[in-house]
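See below for the structure under consideration.
What follows is calculated from the coordinates using simple rules that are stated; it is not laboratory data. Computed from a predicted model, the values in this text were never measured in an experiment. Neighbour counts are summed over all protein chains in view; Cβ atoms, including those assigned to glycine, are modelled from backbone coordinates with ideal geometry.
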Amino acid sequence: MHALTISKLTKTYGNGKEALKGIDLSVDAGDFYALLGPNGAGKTTAIGIVCSLVNKTSGTVEIFGHNIDDDLEAAKACIGLVPQEINLNLFDSVLNIVVNQAGYYGLDRKTALIRAERYLRELRLWDRRHDIARNLSGGMKRRLMIARALIHEPKLLILDEPTAGVDIEIRRSMWEYLRKINEAGTTIILTTHYLEEAESLCRHVAIIDDGTIIENARMSTVLRRLQREIFVISLRNPLLSLPQLDGFDYKQIDEAEIEVVIDAGHTLNEMFAALTTQGLEVQSMRNKANRLEELFMGLVDGKAAEAAKTSGN
Ligand code: ADP
């Protein structure tokens with residue numbers, strides 16, 4: 001059973017911006033799925049369409065078999081959404097916010113209160129249930145949005161950049177909670193531009209760039225592509241001439257800095273050894289780009305090479 005099936009989905013905004021250029025995607029029930037991509041790639045637009053907050057231009061979307069064009073209420077009942085922006089009624093109490101949401105889904109008050117207690121306890125907000133939302137910390141507001149999204153016990157939980165701007169401790173505890181509810185059977189889709197977040201949580205990943213899905217695979221497959229890293233090496237003393245690093249792809253970028261590509265065929269040890277034999281001492285070293293950027297570069301280069309091959313160039 002698919003939790004979500006998206007087919008040939010396009011979105012062109014009123015200003016002519018083509019945010020989605022015909023994407024296909026399917027997510028199995030029970031999966032933990034990441035929609036990964038840089039800012040402006042189209043992730044929020046895709047989520048917005050799935051949750052019927054944004055009108056699509058063309059294409060189809062099914063949620064647990066319910067087509068959003070002709071079975072919208074059933075489709076919506078399957079989804080809990082945690083949006084990117086804090087959109088709580090800041091003057092309402094924590095408990096009311098969650099219980100009122102239950103009302104939108106037709107739950108009676110008794111059931112709503114039982115569930116509210118359960119989710120607020122699980123998300124460590126029960127002690128704050130009478131506080132107004134405005135008085136909560138940023139991390140608590142995010143957890144409250146998760147409790148609110150879960151109150152009707154959706155089969156599919158969608159989180160748009162759940163940990164943007166959240167400190168590391170809260171991020172970890174949110175990850176732990178999401179893992180737990182996924183293990184209990186809830187399908188989870190999240191958008192993120194942190195590769196590390198997707199890597200830590202998700203079994204599958206779709207990578208979206210400029211409105212197009214450029215990769216859709218198991219997380220482990222995607223990570224295997226990350227075999228090439230570029231390091232910037234700062235040397236203790238200025239270089240008098242370019243060192244010899246046979247077999248490496250490298251260049252000098254400053255008087256005491258070189259940039260070296262370490263791919264699957266080479267190790268950092270070999271590079272250090274070569275520098276040492278030439279009397280060069282390494283002061284410090286850093287990754288040139290973050291891993292997500294490198295992944296994109298690799299995928300975009302790969303696609304260009306494929307296109308060149310098929311066009312016979
Ligand atoms: P992401 O979530 O990956 O950062 P978005 O889906 O928010 O990307 O945006 C995709 C593209 O669509 C961006 O170029 C963005 O500027 C544009 N966009 C988003 N919302 C609107 C809108 N309401 N009107 C016009 N353009 C928009």
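Remarks
- Relative contact order of the chain, pairs being alpha-carbon contacts under 8 Å that are 6 or more residues apart, as %: 19
- Relative exposure of 285, 174, 1, 145, judged by other C-beta atoms within 10 Å (fewest first): 1, 285, 174, 145
- Taking label points 7 Å from Cα along the Cα-to-Cβ direction, residue 168 and residue 85 give a separation of 3.1 nm.
- Added length on full extension, which subtracts the Cα-Cα distance from 0.36 nm per residue, residue 18 to residue 277: 87.8 nm
- Tensor-based shape of segment 228-291 (alpha-carbon gyration tensor, a/c under 1.5 rounded, otherwise prolate or oblate): oblate
- In terms of surrounding Cβ atoms within a 10 Å radius of their Cβ, 56, 110 rank from fewest to most as 110, 56.
- Label-point separation in nm, residue 2 to residue 263, each point 7 Å along Cα→Cβ: 3.6
- Positive-end residue, segment 228-291 charge dipole about Cα centroid, Cβ charges, pick of 231, 266, 248: 231
- Fewest-first ranking of 286, 129, using other Cβ atoms within 10 Å as the exposure measure: 286, 129
- Interchain or long-range residues, amide H under 5 Å from residue 249's placed H: 261
- Cα gyration tensor shape of segment 1-96, rounded if a/c is under 1.5, else prolate or oblate by comparing a/b with b/c: oblate
- With K and R counted +1 and D and E -1, the other residues having a Cβ less than 10 Å from that of residue 262 yield a net charge of -3.
- Overall form of segment 64-222 per C-alpha gyration tensor (a/c, 1.5; a/b vs b/c): oblate
- Percent RCO, i.e. relative contact order, over segment 228-291, from Cα pairs under 8 Å lying at least 6 residues apart: 50
- Of the chymotrypsin sites (Phe, Trp or Tyr not before Pro) found in segment 84-136, those in coil by DSSP whose Cβ has at most 12 other Cβ atoms within 10 Å are 91.
- Nearest-20 debye value, the chain charge dipole, Cβ charges on Lys, Arg, Asp, Glu: 1140
- Extension gain, residue 110-residue 200: 0.36 nm per intervening residue step, less the Cα-Cα distance, totals 28.7 nm.
- Farthest toward positive dipole pole in the chain [+1 Lys/Arg, -1 Asp/Glu at C-beta], among 91, 206, 113: 113
- Amide hydrogen neighbours beyond the local backbone of residue 57, cut-off 5 Å, H modeled: 10, 11, 12
- Exceeding the 21 Å Cα-Cα cut-off - candidates 43/288; 43/76; 56/141; 8/56: 43/288; 56/141
- Exposure rule at most 15 other beta-carbon atoms within 10 Å, DSSP loop GluC sites (Glu not before Pro): the chain longest free segment: 86-254
- Surrounding net charge for residue 47, when Lys and Arg each add one and Asp and Glu each subtract one, Cβ distance under 14 Å: +1
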